[in-house]
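Only the coordinates and a few stated rules stand behind these numbers; no lab work does. Just so we're clear, the structure is a prediction, and the values are computed from it rather than from any experiment. Heads up, the Cβs are rebuilt from the backbone with ideal geometry, glycines too, and the neighbour counts pull from every protein chain shown.
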Amino acid sequence: MKKMLTNNLGLKILAVLFSIILWLIVVNINDPVISVSFYGIPVEIINADSIVSQGKMYEILDGTDSIDVVVKANRSVADSLSKDNIKAVADMEQLTFMDTVGIQLSSNKYNDKLDSITSSTDSLKVNIENMRKNQLVVSCETVGEPETGYMLGNITTDQNLVRLSGPESAISKVSKAVASVNVAGMTSDISTAVELKLYDEDGNQIDNKKITTNISSVNVNVEILAKATVPLAYETVGTPAAGYAITGQITGTPGTVAIAGKKSVIDTISEIGIGDLNVTGQSSDMTTMINIKDYLPEGVRYIGTSSDVNVTIVVGIEKQTTKTLNIPSKNIIVTNVPAGIKGTLGELDDTVNIDITGLSSVIDTVNELAVQGNINLTALQQSMGTESLDAGKYNVDVDFVLPEGIVVSKPFNVEVEIAKIKVDADNTNSTGNTNTTNSAENTVSGNAQ
């Protein structure tokens, strides 16, 4: 028996080896081992809380959170795999002192039938930083200019602050948070939601996904105001010193003011009044300075230069002079005669003298031959508090028609004789009509009204 087993032993061993090789060849021909590549496999990060709980944050470097994987397996296995079957996991609890985390590869299908599974990189590279929080004031910026004749007013937001959190290196670069609004060509107020953008100190926008904010946009209200330039108007109060008067010449430097406000308000303003120039007791030109802002109506703002905000005002005041006028007596007439009476002017010389007081520049313009004097009988009746004037003689002050600022130094009165007259039923009489002067007789009568 032993002889039979050992007889031609070498050939028998060779036959066994040949059989094995033949089997392998057959197997490989039918189901060979192949390599399959899968690209862009995302690395799943687990136990990230172990980093965050320490007040730190991590950042994946060099794109190592996406890898290429090569799988070796029999064709029958490899052909049944897809990218979705490949799993790459990095456990943050396995972070090394070199800030790397090993990547564990596996397949959720036929994992135990794989000859091998390898990747382009075997570890995740991370940058570990302290987490930082910051708070910034939200600033508003505008782009463009409103329509000609308009300007920007107040700009407000519904949020004044934004809170940031993220890696210390990223947060430290943020210099400002800006909400930008386009106002080009606008003529009315704007209210809109605006995206909040972050910038560094050089004005470069920061778009770092690692930075988180508590708000992403703000509501912005932009006031658009109409502009105008209007003159100043002046008014005095009080009385200058005795013997002096206001010349009427009031000048201001500057004489106009630039203002802005709602168009509905600005359209109603033709001038800005300065009404409290007190000239009491002044005996020469009065110079004063006012801040124009104190005189602007509600809802109107000053937009001029700082040098124009204070206005220097000069009120002209001169000494008065006195002059005697020789007025023709025929220029004095009886007027406003009540019904049922007749008024006869007493005898006068051909001319009467009156003294007038005022500024010489105005007095020099008075033509004494054209000055008229009025005796108003209705006013006389009213001043006496009676319903009708009794017949008789009355001394009445003459009201002379003079330029503004000129006054009669001493009242001038004349005698007027009042007589009753009969009023016809048809409201007419032969003597005359109310407000009609009989120059020859200086007599005026009134009809029933």
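Quote to one decimal, in nm, the extra length available between Ser37 and Glu59 on full extension: 0.36 nm per residue of separation minus the C-alpha distance between them. List each step's numbers first, then the result.
Numbers: separation 22, 0.36 × 22 = 7.92 nm, distance 2.70 nm.
Full-extension gain reported as 5.2 nm.
Within a Cβ distance under 11 Å of Thr256, other residues only, what is the Lys/Arg minus Asp/Glu net charge? Each step should come with its number before you reach the end.
On the way: positive: none; negative: Glu271, Asp308.
Its environment carries a net charge of -2.
Got a sec to turn the phi values of region 247-255 into Karplus ³J(HN,Hα) couplings, 6.51 cos²θ - 1.76 cosθ + 1.60 with θ = phi - 60°, whole Hz, x for Gly and Pro?
Computed from phi, the couplings for region 247-255 are 6, x, 8, 10, 10, x, 10, x, x Hz.
Any idea how far the Cα center of region 243-263 sits from the one of region 296-374, in Å?
Rounded to whole Å, the Cα centres lie 23 Å apart.
If the only charges are +1 at each Lys and Arg Cβ and -1 at each Asp and Glu Cβ, what is the size of the charge dipole of region 130-226 around the Cα centre, to the nearest 20 debye?
On the way: 8 positive and 12 negative charges, 132 e Å.
Using Cβ point charges on Lys, Arg, Asp and Glu, region 130-226 gives about 640 debye.
Counting Lys +1, Arg +1, Asp -1, Glu -1, what net charge surrounds Asp189 among other residues with beta carbon under 12 Å of its beta carbon? Could the numbers behind the result be given before it?
Values: positive: Lys262, Lys263; negative: Glu223.
Net of charged neighbours comes to +1.
Which one of Ser165, Ser175, Ser307 has the biggest mean-square fluctuation once the chain is modelled by GNM with Cα springs under 10 Å?
Highest fluctuation among the options: Ser307.
When you count, for each residue, the other Cβ atoms within 10 Å and take the mean per peptide, how do 340-349, 272-281 rank with the highest first? The partial results should precede the final answer.
On the way: 340-349: 16.9, 272-281: 14.8.
The most tightly packed comes first, giving 340-349, 272-281.
Helix 9-30: angle to the longest alpha-carbon principal axis of the chain, degrees 0 to 90, nearest 10?
In the chain, helix 9-30 runs at an angle near 20 degrees to the longest axis.
Would you mind pulling out the separation of the Cα centroids of region 151-199 and region 91-137, in Å?
38
Setting aside same-chain residues fewer than 8 positions from Lys410, which lysines have a Cα under 17 Å from its Cα?
Within the straight-line cut-off, Lys410 pairs with Lys323.
Go through Lys72/Lys210; Lys197/Lys293; Lys330/Lys422; Lys109/Lys210; Lys87/Lys209; Lys176/Lys293 and tell me which ones have a Cα-Cα distance over 30 Å in this structure. Working shown, then result.
On the way: Lys72/Lys210 37 Å; Lys197/Lys293 37 Å; Lys330/Lys422 27 Å; Lys109/Lys210 34 Å; Lys87/Lys209 25 Å; Lys176/Lys293 34 Å.
Those over the limit are Lys72/Lys210; Lys197/Lys293; Lys109/Lys210; Lys176/Lys293.
With n ≥ 4 as the cut-off for DSSP H runs, can you work out [θ] at 222 nm for the chain, using -39500 (n - 2.57) per run divided by the number of residues, rounded to the nearest 500? Please list the in-between numbers first.
Values: 8 runs with 55 residues, N = 449.
Result for the chain: -3000 deg cm²/dmol, rounded to the nearest 500.
Please work out the FRET efficiency for the pair Asp68 and Lys173, using the Cβ-Cβ distance as r and a Förster radius of 30 Å; give the result to the nearest 0.05. Intermediate results must be reported in sequence, preceding the final value.
Details: r = 33 Å, r/R0 = 1.10.
Here the calculated transfer efficiency is 0.35.
Set the Förster radius R0 to 45 Å, insert the Cβ-Cβ distance between Ser284 and Ala391 as r into 1/(1 + (r/R0)^6), and round the FRET efficiency to 0.05. If you can, show how the numbers build up before the last one.
Numbers: r = 54 Å, r/R0 = 1.19.
E between Ser284 and Ala391, to the nearest 0.05, is 0.25.
To the nearest 20 debye, what charge dipole does the chain have about its Cα centre, counting +1 at the Cβ of each Lys and Arg and -1 at the Cβ of each Asp and Glu? The partial results should precede the final answer.
Details: 32 positive and 53 negative charges, 653 e Å.
The calculated dipole for the chain is roughly 3140 debye.
Label points 7 Å out from Cα along the Cβ direction at Glu223 and Asn208: separation in nm?
3.7
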